[in-house]
Amino acid sequence: MTQGYLNKVYDARDAAQTRALYDDWSDSYDAEVAENGYITPSRCAEALAKFAKDQTAPILDFGCGTGLSGLALKLAGFETIDGMDLSEEMLAQAKAKRLYRDLTVIDADAPLAFKPGTYAAIAAIGVIGAGAAPISVLDTLLHALKRDGLLVLSLNDHALEDKTNEARINEWLDCGAARLLLREHGPHLPGIDLGSNVYVLEKA
């Protein structure tokens, strides 16, 4: 299995460096992760589908990248998907897949440009962790949901090594602000022997 960018992506960097790396990776991203068996998008989409009450309701694919997560969500039965990402080049790849109703370039740490409750569910697949978004994104996304809204996210094994990541999830659960519907460890990128936890949370 080859690792063109996979051997770089988990290194810590600031938002501008992250954007540049994903811009540069955009043309080869799909092929590289596919070669390494990237399965977390389908695991997340299928998990979300188990709990979603209405798959016709709009959902947000946050950090959608090239659209592999959007494809998994479509295959799981979700009909109306909007995507957001900080990389314009990644979004160009996503646009070409014709999966999304709307695609938006975002800035790291910028407020979300939609009203809370706009989406029945939000997906953050492969978004949080080393070399990607900080765990504070969890707070942003849960605050953007209305009561009973769903959030599906993943933390790969690198992200799980940082105990503050899962601890933030537990803070939401322990105070009753969210309910854990699913937490399951499984394969992430089998080609590099990397696993991930998939979580489905319901806003209380």
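The residues of the range 162-204 that are closer than 16 Å to GLY126 by Cβ, without any contact (Cβ under 8 Å) to a residue 60 or more places away in the chain and out of contact with any strand residue (DSSP E or B) (no Cβ under 8 Å at 6 or more places or on another chain) amount to a single one, ASP162.
The single condition among (1) surrounded by fewer than 17 Cβ atoms within 10 Å (Cβ to Cβ); (2) over 21 Å from GLY131 (Cβ atoms) that THR164 does not meet is (2). Residue check: ALA34 meets all listed conditions (1) in contact with a helix residue (DSSP H, G or I) (Cβ under 6 Å, 6 or more places away or on another chain); (2) part of a helix (DSSP H, G or I); (3) at pLDDT below 95 but one, namely (1).
Every test in (1) touching a helix residue (DSSP H, G or I) at 6+ places or on another chain (Cβ under 7 Å); (2) over 24 Å from LEU201 (Cα atoms); (3) among the charged types (D, E, K, R) is passed by ASP85 save one, and that test is (2).
With respect to ALA121, determine if the residue is crowded, with 19+ Cβ neighbours inside 10 Å, within 24 Å of THR56 (Cα to Cα) and touching a residue at least 24 places away in the same chain (Cβ under 8 Å). The answer is yes for ALA121. Answer with yes or no whether PRO41 is part of a helix (DSSP H, G or I) and either in contact with a strand residue (DSSP E or B) (Cβ under 7 Å, 6 or more places away or on another chain) or in contact (Cβ under 8 Å) with a residue 12 or more places away in the chain (or both). In short, yes. The lone criterion from (1) small (Gly, Ala, Ser); (2) part of a loop (DSSP other than H, G, I, E, B); (3) in contact (Cβ under 8 Å) with a residue 12 or more places away in the chain left unmet by ALA113 is number (3). Can you pull out every residue in the range 65-106 that is surrounded by fewer than 18 Cβ atoms within 10 Å (Cβ to Cβ), within 17 Å of GLY126 (Cβ to Cβ) and among the aliphatic types (A, V, I, L, M)? Answer for the range 65-106, where residues must be surrounded by fewer than 18 Cβ atoms within 10 Å (Cβ to Cβ), within 17 Å of GLY126 (Cβ to Cβ) and among the aliphatic types (A, V, I, L, M): LEU75, ILE106.
State yes or no: is ALA108 part of a helix (DSSP H, G or I), under 16 Å from the mean Cα position of the chain (by Cα) and not β-branched (Val, Ile, Thr)?
It is false that ALA108 is part of a helix (DSSP H, G or I), under 16 Å from the mean Cα position of the chain (by Cα) and not β-branched (Val, Ile, Thr).
Scanning the range 58-96 for residues that are in a helix (DSSP H, G or I) and touching a residue at least 40 places away in the same chain (Cβ under 8 Å) returns SER69, ALA72, LEU73, GLU88, GLU89, MET90, ALA92, GLN93.
Just checking, which of ALA20, ALA49, ALA16 is of a type in the set (Gly, Ala, Ser) and at pLDDT 95 or above?
When all the criteria are applied, what remains is ALA49.
The values are calculated or read from the model by the stated rules, or taken from the named source; none is laboratory data. Given the structure is predicted, the values throughout are model-derived calculations rather than measurements. Counting neighbours? That spans all protein chains shown, and the Cβs are built from the backbone with ideal geometry, glycine included.
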